[in-house]
Each structure stands twice: as C-alpha cells, then as structure tokens.
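For reference, the structure discussed in these notes is given below.
Just so you know, all these numbers are worked out from the coordinates, no wet-lab data involved. Everything numeric here is computed off the predicted structure, so don't read it as measured data. Please note: Cβ atoms are built from the backbone with ideal geometry, for glycine as well, and neighbour counts cover all protein chains shown.
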Amino acid sequence: MGKEKEGFCVVGALVLFLFLGSSVTCDDRLKRWRKAMISDETMASSMLINRVPSSIVLPLHGNVYPNGCYNVTLNIGQPSKPYFLDVDTGSDLTWLQCDAPCVHCTEAPHPYYRPSNNLVACMDPICQSLHSNGDQRCENPGQCDYEVEYADGGSSFGVLVRDTFNLDFTSEKRHRPLLALGCGYDQFPGGSHHPIDGVLGLGKGKSSIVSQLSSLGLVRNVIGHCLSGRGGGFLFFGDDLYDSSRVAWTPMSPDAKHYSPGLAELTFDGKTTGFKNLLTTFDSGASYTYLNSQAYQGLISLLKKELSGKPLREALDDHTLPVCWKGRKPFKSIRDVKKYFKTFALSFTNERKSKTELEFPPEAYLIISSKGNACLGILNGTEVGLKDLNVIGDISMQDRVVIYDNEKERIGWPPGNCNRLPRSKSFII
C-alpha cells in the first residue's frame, strides 16, 4: 500500500465471500470455501502461553528516499513462506494480499498468500475491535469481514483468518503462535503504491500483532524501531532490549487512538514560533513528516528567511517534493548542505509540566534528490486530508530508537545505533 499512507484505519463490513478451487464452478467453490472455513473453529484461548517475556528483533529493509518505505520479512503459514510487509504503527491490522482467489491484487514481491482454513468468527473479540464504531453487521457469523482505508487513498478488503507466524525470540527459542491476520482479496493501490506483500499493523488496537503476542504471554506490549539514515535498521517487540532509565519518556495521550505524545509547540533555532497546541502522532507508515497548514506555512517562511543571502535558490524544476533548493553544484549528501539549515523542534509538556523535545536537525527533514538538490521532507498535512493532525514520519525518526510502551502508556525517542542489530541493553541506546 505504499509508505505514504498514514495508516489511519477505517473499517466496515463486506458482503463478499472468498472461494478456493480451480476446476469447479464458482458456486461450488463458494460452498466449499465457506464450509471449510466455518467448520475449522479455532480455540485461541488454548494458545495462552505463560512464559517469561522475551523479545523479538527483526531486520528492516528500505529507506526514506528513494525507496520511500521500510519493510520487514515475516514467515507465515504452514508451510512457512516469506512475505515483505510495510511496517505501520499508524494502523492495527496486519494483512497479506491473498489468493482466495484475488478479486483485485497489486504487484507483489512473492506469490500471493494462500489462506488457512481457520476463519475468525464475526463475534470474535479481535473482529469486534475492528468494528468499534458500531458498523458490524454479522451477516455471516462464521467470518469476519474487514475494510482498511489509508490516507493516500489505498485500501484493502478481505476476511480475517488465523495462521502460524514463525518467530525467533531473544531467549533463543522459536515459537509458532497462531495469530489473526487479514486475507486481503481486493486491494486498491494508493497514490504512493509500491510492490509489497502486505502491511504489518503495529497500532494500539487488539488486532495488532504485538497486542496478540502480548495476550499470549510471549512478549510485553512494547514496540520499538530504529530506522537507519543509511537505509535498513531494525524492529523489536518486547522490553528487554533497552534500559528504560536511560529514556526520556513522554506520556501517550489517553484520548488518542494512535501513538500520540499529545500537544506540541513548534520552536525554530531555539526560539518560539507562536505555533502551539499541535496535536501530534508518530506513524512509521508515513515516509515524510506532515504539519498542519498554518504550522507548515510558518516553517516554510522561517526557512526561506534563514536561507536569504545563502548560495541556495529554489529548484522549481525539481518535483521530487514540493520544495527543493539547488546550490552552485549538485549536492552529494546532507553533509554538503546542513550548514545552511537550522534545527527546529516540537516541544511536549506533560501533566507534571516537564518538557521533552523532539529535535529536527537538517538530517531529519531534508533529502538529497536524484538531481542533487536539497528537498524539504516536511509536507502540508491539511492538503492531504489530515486536517489539524501533525504526523511524525520516517524521515524524522531516523537514527533514533522510537519506543511505544503500551504497558506503561508512554513514548520515548532516544538516539541510537540503527546500523546493527541489538545484542544488549547498552548497545541499543
């Protein structure tokens, strides 16, 4: 579905059914599919495993530019097969493009997922969590229909199934838990589409893979990622890979559906800008960072004022991003241009009146385009339908260990080494 989705989930009920088979009629395939799915009821409660929590570490691949995405490889199914999934903390549901058969699927790196015969029922708590806005109709009690829509216009329709996920833990044990995921048989590509097998939803909801692993007693409900500015990085589930005392934590906003540290004030070069009460959320499903229209225009004005008299001018012929600057000769890296740009920050104040800051040095808001220009990776969120919401995307989370602690409802973003997989608490932060 592409990295430029913000991953804000909208769900609804579908009346389509899946079917399998190749040499029988559509009606026969429909009956066979529904009978197999409904008759093989799962006992999810029997999967509850009371073990000492461990962690899972997964390598990430990709970059902000030019790929525009970070993805992870997960091995799913029986027999186990690899799939590339976009990492999205802005949505809950994990889904794969599904050969059931597929009504409409997009280009994918691997053959489409062939679903198990283990269908999630309509009244299952995970299904109900996807329909929390009251639109669940249960026209087919034996199956859970889903619809996910993303801010870039992309969407996935399908049904929920359960299948095995092959996972290696830091305790040096391998587990194969049975987890719910979407069998997406009807996808619509968004404006930022790229070939992908599916989406790994890591939001706060019950359907999130980490929420399911936590309910089975396999990991703490903690998610972290470290996106390397060189490309790649790592993703982790669980809380035994970092020293929490070395993290400056900010409480999650209790009223927000997504990972939000609350309201922020925008400062520029250490000075106040007058832009306050900016509702902010972190979203690894967005390549770039989005500010609401007023804050965005204010930041553009401050940057242009700061660049006045500098040997840079706007590159109107470069459409990589809305605003780009060129120098006397093409830039090769951010190092060539960072001296011309100031650091700005979002400052968060919690209920104890203490402040934490998320700083944006030039590396956290600029890319060097293929034309050798410096382009601004901060975009106008109001123009893409985010209204007043401000979204911290991948570009501004690079070379930080961003931790979403759902157990204690807090977020931290200390600097970290994202170029190698972590092996100890002292190494990761």
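Cβ neighbours within 10 Å, averaged per peptide: list 313-322, 338-347, 85-94 in order, most packed at the top.
Details: 313-322: 13.8, 338-347: 17.8, 85-94: 26.0.
Those peptides, ordered most packed to least, come out 85-94, 338-347, 313-322.
Tell me which label goes with the value of volume of the Cα convex hull per residue in Å³ computed from the coordinates here: (i) 142; (ii) 161; (iii) 257.
Correct label, based on the coordinates given: (i).
Mind telling me which of LEU60, LEU181, LEU376 comes out most flexible in a GNM of the chain, alpha-carbon contacts under 10 Å?
LEU376
Whole Å is fine, so just give me how far the alpha carbon centre of the range 327-389 lies from that of the range 264-297.
One Cα centre to the other: 10 Å.
Given H placed on each backbone N at 1.01 Å, which residues far from MET252 in sequence or on other chains put an amide H within less than 5 Å of it?
Sorted by chain and number, the residues that satisfy this are ARG410, ILE411.
How would you order 69-82, 158-171, 196-209 from highest to lowest mean count of nearby Cβ atoms within 10 Å?
Values: 69-82: 17.6, 158-171: 21.1, 196-209: 25.1.
Result, highest mean first: 196-209, 158-171, 69-82.
Using only Cα atoms, find the angle between the long axis of helix 26-39 and the longest principal axis of the chain, and express it within 0 to 90 degrees, rounded to the nearest 10.
That works out to roughly 90 degrees.
Here are some pairs, LYS304/LYS408; LYS271/LYS339; LYS276/LYS338; LYS257/LYS326; which of them have Cα atoms lying more than 30 Å apart in this structure?
On the way: LYS304/LYS408 41 Å; LYS271/LYS339 18 Å; LYS276/LYS338 26 Å; LYS257/LYS326 40 Å.
Table pairs above 30 Å Cα-Cα are LYS304/LYS408; LYS257/LYS326.
Between helix 293-307 and the chain, what is the angle of the helix's C-alpha long axis to the longest principal axis, kept within 0 to 90° and rounded to the nearest 10?
40 degrees
Place a point 7 Å from the Cα of LYS353 along the Cα-to-Cβ direction; which residues of the range 255-273 have their backbone N under 19 Å from it?
Answer for the range 255-273: 263-265.
Nearest 500 deg cm²/dmol is fine: what mean residue ellipticity at 222 nm does the chain get from its DSSP H runs of n ≥ 4 alone, each adding -39,500 (n - 2.57), divided by its residue count? Intermediate values should be presented prior to the final figure.
Details: 5 runs with 46 residues, N = 429.
Value at 222 nm, helices only: -3000 deg cm²/dmol.
Pick from ASP99, ASP240, ASP124 the residue whose mean-square fluctuation is largest in a GNM of the chain, springs joining Cα atoms under 10 Å.
Maximum fluctuation in the GNM of the chain, among the listed residues, is at ASP124.
Under a Cβ-Cβ cut-off of 13 Å, what is the net charge of the residues other than PRO111 that fall near it, where Lys and Arg count +1 and Asp and Glu count -1?
Its environment carries a net charge of -1.
What is the distance in Å between the Cα centres of the range 138-212 and the range 63-134?
4 Å
Can you list the aspartates and glutamates whose alpha carbon sits under 18 Å from that of LYS353, skipping same-chain ones fewer than 8 residues off?
Answer for LYS353, where 18 Å is the Cα cut-off: GLU265, GLU409, listed by chain and number.
Under the 0.36 nm per residue contour assumption, what length would be gained going from the current alpha-carbon distance of LYS310 and SER171 to full extension? All intermediate terms of the calculation are to be shown ahead of the outcome.
On the way: separation 139, 0.36 × 139 = 50.04 nm, distance 5.40 nm.
Stretched out fully, the LYS310 to SER171 stretch lengthens by 44.6 nm.
Quick one: which residues, 5+ away or cross-chain, put their amide H under 5 Å from the amide H of SER171? H built at 1.01 Å from N.
SER55
Apply 1/(1 + (r/R0)^6) to the Cβ-Cβ distance of THR73 and SER244, taking R0 = 41 Å, and write down the FRET efficiency to the nearest 0.05.
On the way: r = 28 Å, r/R0 = 0.69.
That gives a FRET efficiency of 0.90.
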